[in-house]
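> Below is the structure I would like to discuss, written out as structure tokens.
Derivation of every value follows stated rules applied to the coordinates shown; laboratory data play no part. It should be emphasised that the depicted structure is a prediction, and the values quoted were computed from it without experimental measurement. Heads up, the Cβs are rebuilt from the backbone with ideal geometry, glycines too, and the neighbour counts pull from every protein chain shown.
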Amino acid sequence: MNMEVEVAVQYAVPRRGVPAPVSFRRWAGAVPAGRRRGAALVVRIVGEAEIASLNRRFRARRGTTNVLSFPFAAPIPQLRELIGDVVICAPVVRREAHEQGKPARAHWAHMTVHGVLHLLGYDHTGEEQARVMEGLETKILDALGYPDPYGGHDVHER
């Protein structure tokens, strides 16, 4: 069951080679919402300087990464709950897709699904958590028509 989702897309980099908002809405909406009837989130597409700054500030890690998620707990329950922000680094996604021999669109979809799952509380810090999260990602991406993103490639840090 797909959740009803409102996605605001922000482009902090040129849009050339970056999917349109309709794609981000489709990918985010394919993520099961559990008991949520709807959700609202922001997808922000950034460059390497911004993602490195966020990574350093909020994760105390140096350098770039492909995707960061910032969950939001609303103080007042809403029908369309704001679940948070997903920040995706365009140059990193392009580079990883090329290096891993994946279609760029499939990698964009994966990073979106991965980020939204983090907003919903999924993580991959332990083996069991990673197995569950990666299984969900694979199932969701398959339903969207994309291949297994872990076909021999680990695209995120554990």
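> For region 136-154, check the following and say yes or no: at least one residue is assigned to a loop (DSSP other than H, G, I, E, B), of a type in the set (D, E) and surrounded by fewer than 13 Cβ atoms within 10 Å (Cβ to Cβ).
Yes: one or more hits.
> Sort out which residues of region 109-132 are in contact (Cβ under 8 Å) with a residue 40 or more places away in the chain, out of contact with any Ser or Thr (no Cβ under 7 Å at 6 or more places or on another chain) and at negative phi, and write them in order of number.
Listed by number, the residues that qualify are A109, H110, M111, T112, V113, H114, V116, L117, L120.
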